[in-house]
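The values are calculated or read from the model by the stated rules, or taken from the named source; none is laboratory data. In this text, all values refer to a predicted model and were calculated from it rather than measured experimentally. As a convention, Cβ positions derive from the backbone with ideal geometry for all residues, glycine included, and neighbour counts pool all protein chains shown.
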Amino acid sequence: MWCLGGWNCCSGTSRMSGVPIHRNTRNPTEVWEELRRHHKIIKLNVKTPETPPEDNMLRFVCMSDTHCLTSHLQFEIPKGDVFLHAGDFTRCGNASEVEEFNNWLGALPHKHKIVIAGNHELSFDPRFKGKSSIKHHHKTAHTGDGLINEIPDLGMERAELKAAVAQDNTVDLITNAVYLQDQPHTVCGVKLYGSPWQPEFCNWAFNLPRGKKCLEKWDAIPDDTDVLITHTPPVGYGDLCCTGVRAGCVELLTTVQSRVKPKYHLFGHIHEGYGVTSDGKIIFINASTCNINYVPINPPIVFDVPIPPGFSK
């Protein structure tokens, strides 16, 4: 089993990071060609452990991008203490899809379950509602039916997309897990932070322009985060598309490596980027369950984190 020891000792307060915006941030493929000469990229081959975690270890079981296909999984979900899902658990975020996912979560044996949204959870993003949700609010120049008419349908029926965003407070249907949207959460002393945002992708949910707008979200990540959960990958790690294009966020990588320095960074979004890599200090995990053809064949990725002194399961 693989894990990283030691504990951060930062204050835990979020702040303006001073992370620079790369001059070519809108071209992540070109940026990575420049950066990769100075980055260590270690491909890790990991296996699901066959023995329970030690008493002083917290076992995390990670998935992402299940896209309403949990009933078609070709594997069992490993046991553990914490289940994490890094977004895109629906096709478009309609209430029936969310309820189905929530019922599936409820049947999982893990004591702690934590979920973030992805670009497919349209109904979770208040931009498409024309009004604020009860729990969250983000300002936008586009609201309601106008925006849903502007985005590409990605092979879905436009009427289905409109029906999804017409349903109020679908986020409240997640009752069998803790839903994080730019929020921290602590489990047995291990500090997590979850954020659904990603660089512009077809202008679906939680999309932001590359550069300043994305960095504003990453600036909110506390310095002492142990496990970071984002939907988007950082550039260079688990973000290579089948077209050869890099889709990750440049400023997210800089934020993660130069300021936050989590032990683990979990994400999904780019299905073909599934797997585990490291820069020698941080473990980067693309836990996309579906492959490029939307077949749910990639098994969950499991890791153990030491419980800090003074805490227990």
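Just to check your reading of the model, which residue among THR254, THR186, THR277, THR230 is at negative phi, within 15 Å of the chain's Cα centre (by Cα) and not small (Gly, Ala, Ser)?
Details: THR254 fails: within 15 Å of the chain's Cα centre (by Cα); THR186 fails: within 15 Å of the chain's Cα centre (by Cα); THR277 fails: within 15 Å of the chain's Cα centre (by Cα).
Exactly one of THR254, THR186, THR277, THR230 is at negative phi, within 15 Å of the chain's Cα centre (by Cα) and not small (Gly, Ala, Ser), namely THR230.
Do any residues in the stretch 219-244 that are surrounded by fewer than 23 Cβ atoms within 10 Å (Cβ to Cβ) have Cβ atoms under 6 Å from those of residues that are among the hydroxyl-bearing types (Ser, Thr, Tyr) and not in a strand (DSSP E or B), where the two are at least six apart or on different chains, and which pairs are they?
Once the first residue is surrounded by fewer than 23 Cβ atoms within 10 Å (Cβ to Cβ) and sits in the stretch 219-244, its partners that are among the hydroxyl-bearing types (Ser, Thr, Tyr) and not in a strand (DSSP E or B) give ASP219/SER17; ALA220/SER14; PRO222/SER14.
Identify, from the list VAL305, VAL260, the residue that is hydrophobic (A, V, I, L, M, F, W, C), within 22 Å of HIS110 (Cα to Cα) and touching an Asp or Glu at 6+ places or on another chain (Cβ under 8 Å).
On the way: VAL260 fails: within 22 Å of HIS110 (Cα to Cα).
After applying the criteria, what remains is VAL305.
Take the stretch 280-313 and flag every residue that is in contact with a helix residue (DSSP H, G or I) (Cβ under 7 Å, 6 or more places away or on another chain), touching a residue at least 24 places away in the same chain (Cβ under 8 Å) and outside any strand (DSSP E or B). Spell out how you get there, then give the answer.
Of the stretch 280-313, the ones in contact with a helix residue (DSSP H, G or I) (Cβ under 7 Å, 6 or more places away or on another chain) are 282, 286, 288, 290-292, 296.
Restricting the remaining residues to those that are touching a residue at least 24 places away in the same chain (Cβ under 8 Å) gives 282, 286, 288, 290, 292, 296.
Listed by number, the residues that qualify are ILE282, ILE292.
Report yes if GLY194 is in a loop (DSSP other than H, G, I, E, B) and small (Gly, Ala, Ser), otherwise no.
Details: in a loop (DSSP other than H, G, I, E, B): no; small (Gly, Ala, Ser): yes.
Judged against the criteria, GLY194 is not a match.
Tell me which residues, restricted to the stretch 112-127, are in a loop (DSSP other than H, G, I, E, B) and either among the β-branched types (Val, Ile, Thr) or surrounded by fewer than 24 Cβ atoms within 10 Å (Cβ to Cβ) (or both). Talk me through it step by step, then tell me what you get.
Start the filter on the stretch 112-127 by keeping residues that are in a loop (DSSP other than H, G, I, E, B), which leaves 116-121, 125.
Result: ILE116, single match.
Of everything in the stretch 154-172, what is surrounded by fewer than 19 Cβ atoms within 10 Å (Cβ to Cβ) and either assigned to a helix (DSSP H, G or I) or aliphatic (A, V, I, L, M) (or both)? Give them in sequence order.
Just the residues of the stretch 154-172 that are surrounded by fewer than 19 Cβ atoms within 10 Å (Cβ to Cβ), to begin with: 154-160, 162-163, 166-169, 172.
Scanning the stretch 154-172 gives LEU154, MET156, ARG158, ALA159, GLU160, LYS162, ALA163, ALA166, ASP172.
Regarding LEU44, is this residue more than 19 Å from TRP218 (Cα to Cα), surrounded by fewer than 20 Cβ atoms within 10 Å (Cβ to Cβ), under 21 Å from the mean Cα position of the chain (by Cα) and modelled with pLDDT of 95 or more?
Details: more than 19 Å from TRP218 (Cα to Cα): yes; surrounded by fewer than 20 Cβ atoms within 10 Å (Cβ to Cβ): yes; under 21 Å from the mean Cα position of the chain (by Cα): yes; modelled with pLDDT of 95 or more: yes.
So LEU44 fits the description; yes.
Mind telling me which of the residues THR225, THR254, THR277 ends up being in contact with a helix residue (DSSP H, G or I) (Cβ under 7 Å, 6 or more places away or on another chain) and of a type in the set (Ser, Thr, Tyr)? Lay out the reasoning, then the answer.
Numbers: THR254 fails: in contact with a helix residue (DSSP H, G or I) (Cβ under 7 Å, 6 or more places away or on another chain); THR277 fails: in contact with a helix residue (DSSP H, G or I) (Cβ under 7 Å, 6 or more places away or on another chain).
Result of the check over THR225, THR254, THR277: THR225.
Identify the residue in the stretch 268-313 that is among the aromatic types (Phe, Trp, Tyr) and touching a Phe, Trp or Tyr at 6+ places or on another chain (Cβ under 8 Å) and, among all such residues, is surrounded by the fewest Cβ atoms within 10 Å (Cβ to Cβ). Walk me through it before giving the result.
The initial filter retains those residues of the stretch 268-313 that are among the aromatic types (Phe, Trp, Tyr), namely 274, 284, 294, 303, 311.
Filter once more, keeping what is touching a Phe, Trp or Tyr at 6+ places or on another chain (Cβ under 8 Å): 284, 303.
On the way: PHE284: 28, PHE303: 26.
Per the stated criteria, the residue is PHE303.
Out of (1) touching a residue at least 12 places away in the same chain (Cβ under 8 Å); (2) buried (at least 18 other Cβ atoms within 10 Å of the Cβ), the odd one out for LEU208 is which?
(1)
When the stretch 67-94 is examined, which residues are found to be part of a loop (DSSP other than H, G, I, E, B), at negative phi and among the hydrophobic types (A, V, I, L, M, F, W, C)?
Passing the criteria: LEU69, LEU73, PHE75, ILE77, ALA86, PHE89, CYS92.
Hey, can you tell me all the residues within the stretch 47-82 that are surrounded by 14 or more Cβ atoms within 10 Å (Cβ to Cβ) and of a type in the set (A, V, I, L, M, F, W, C)?
Correct list: MET57, LEU58, PHE60, VAL61, CYS62, MET63, CYS68, LEU69, LEU73, ILE77, VAL82.
Look at THR25 and say whether it is under 30 Å from TYR179 (Cβ atoms), touching a Lys or Arg at 6+ places or on another chain (Cβ under 9 Å), of a type in the set (S, T, N, Q) and modelled with pLDDT of 95 or more. Lay out the reasoning, then the answer.
On the way: under 30 Å from TYR179 (Cβ atoms): yes; touching a Lys or Arg at 6+ places or on another chain (Cβ under 9 Å): yes; of a type in the set (S, T, N, Q): yes; modelled with pLDDT of 95 or more: yes.
So THR25 fits the description; yes.
Determine which member of the set ARG91, ARG15, ARG36, ARG59 is at pLDDT 95 or above and either touching a Pro at 6+ places or on another chain (Cβ under 9 Å) or closer than 17 Å to LEU252 by Cβ (or both).
Matching residue, one of ARG91, ARG15, ARG36, ARG59: ARG59.
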